[in-house]
Amino acid sequence: MADEDADVEETGEDEKAGGKKKLILFGAIGVVVLLLVGGGAFFFLSGGDEPAFDEMTGEPVEEEQKPVVFYDLPEMTVNLSTDGRTTYLKVRISLEVENQEMIARIEPFLPRVLDAFQIYLRELRPADLEGSAGLFRLKEELLRRINLSVYPARVDGVLFKEILIQ
């Protein structure tokens with residue numbers, strides 16, 4: 001019986017020592033993973049802080065903002081898809097393009113653009129337009145649809161001048 005008690009005590013000490021070793025091992029793995037993730041985040045997030053330098057002179061290059069042209073679309077009022085009461089969306093949109101020539105290339109396709117916008121906007125529900133995320137999705141979808149309609153011309157951005165949901 002004394003031998004059995006000694007065996008139980010030795011086994012208990014071995015299990016405690018093995019548990020401590022596993023705990024230390026997992027802790028060390030956790031620290032290594034944390035350092036790798038932190039180092040990767042630092043590498044990717046701090047890469048754009050340095051200014052660009054001219055290869056010939058070695059002086060910092062100032063980035064110039066490209067000139068853009070804005071084109072206002074006609075105001076649109078559509079009724080939204082609802083179950084009960086009538087809800088209207090009134091929107092004024094401005095298109096951002098790179099130059100005046102692009103506007104000349106877009107204008108012949110304006111009826112197609114307005115049609116694509118009207119069809120899409122009529123299928124929206126008021127809940128689709130809630131919050132900044134809803135408006136961002138709307139902006140991205142309108143940009144996608146206009147670029148499909150005016151291809152090979154290209155619109156760089158859709159800007160909301162007015163949005164009213166009533």
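For the reader, a short list of remarks on this structure follows.
- Full-stretch length increase - L148, V33 - with 0.36 nm per residue and alpha-carbon distance subtracted: 36.9 nm
- Stretched out straight at 0.36 nm per residue, the stretch from V61 to D83 would grow longer than its current Cα-Cα span by 2.2 nm.
- For L25 and I163, the FRET efficiency from 1/(1 + (r/R0)^6), where r spans their Cβ atoms and R0 equals 45 Å, is about 0.20.
- Computed extension length for D72-E123: 16.1 nm, one decimal, from 0.36 nm per residue of separation with the Cα-Cα distance subtracted.
- Beyond 15 Å, the tail of the calculated P(r) for the stretch 118-160 holds 45 percent of the Cα pairs.
- Sorted from greatest to least, the principal axis extents spanned by the alpha carbons of the stretch 69-165 come out as 45, 24, 19 Å.
- Restricting the stretch 71-106 to trypsin sites (Lys or Arg not before Pro) in coil, as DSSP defines it, with at most 11 other Cβ within 10 Å: R85
Each reported figure results from applying straightforward, stated rules to the coordinates on display, with no laboratory input. Because the structure is predicted, anything quoted here is derived from the model rather than measured. Cβ atoms come from the backbone with ideal geometry, glycine included; neighbour counts cover every protein chain shown.
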